[in-house]
Amino acid sequence: MQASGRLAAAGMPLIRSVGARGDEAPAPPTTQLEASLWVLRLVGEHDLSTAPLVEAAFERIEASGTTVVVDLTDTSFIDSAVIGALIRPARRGKTLLLVAPRGIARKTLDLVGIPELLRTFETRDEALQAVERHD
């Protein structure tokens, strides 16, 4: 599977992937909601070819954030390279919450046991409500 993308986190281009017809799916930029809270939204297909972009987004986010909500609502495919990119920030001590409603991406995460490692939610609102705030 060939996917290409760009990333949107703190001045980076957006992560997008090329659809089956070759058209790019639109995606809003990654958003900083608070000083240390970010939302990273992956849209379309993500595999080995986009994993470095996902890693780069986390590196940029980690410079100012400790909590990342990764929204996979509009993700149609992820592979082990992207799953690895999702796990690494959590291993470095960052708080990572996944939004993965029922679908192929969620099935993939379930098959490899990610919900046992990372808090996983059906909606972005649920994930944001679960964030510990230190005001």
Worksheet entry | Environment charge at Glu126 (Cβ cut-off 12 Å; Lys +1, Arg +1, Asp -1, Glu -1) | -1
Worksheet item: How far is it, in nm, from the label point at Gln32 to the one at Ile87 when both lie 7 Å from their Cα along the line to the Cβ?
Response: 3.0
Item to complete: Work out from phi, with θ = phi - 60° and the Karplus expression 6.51 cos²θ - 1.76 cosθ + 1.60, the ³J(HN,Hα) of each residue of the range 32-38, listed in order in whole Hz, and give x for Gly and Pro.
Response: 8, 8, 9, 3, 10, 10, 10
Fill in: the range 49-96 - percent relative contact order, Cα under 8 Å, separation 6 or more
55
Worksheet item: Sequence-distant or interchain residues sharing an amide H contact under 5 Å with Ser49, placed H: which?
Response: Ala3
Practice prompt. Restricting to the range 31-130, compute how many DSSP beta bridges are antiparallel as a %, nearest 5.
Written response: 15
Item to complete: Determine the relative contact order of the range 31-130: mean sequence separation of Cα pairs under 8 Å and six or more apart, normalised by residue count, in whole percent.
Response: 28
Worksheet item: Ranked from highest to lowest mean number of other Cβ atoms within 10 Å per residue, what is the order of the peptides 70-79, 39-48, 122-131, 85-94?
Response: 39-48, 70-79, 85-94, 122-131
Fill in: Other-chain or far-sequence residues with amide H under 5 Å of Leu96's (modelled H)
Val68
Worksheet, complete the sentence: Contour minus Cα-Cα span, Leu48 to Thr66, at 0.36 nm per residue, comes to 4.0 nm
Worksheet entry | Per-selection Rg to Rh, the range 31-130 - Cα, Kirkwood hydrodynamic radius | 0.92
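Every number here is computed from the coordinates shown, using simple stated rules; none is lab data. Not measured: the values here are computed from a predicted model. Heads up, the Cβs are rebuilt from the backbone with ideal geometry, glycines too, and the neighbour counts pull from every protein chain shown.
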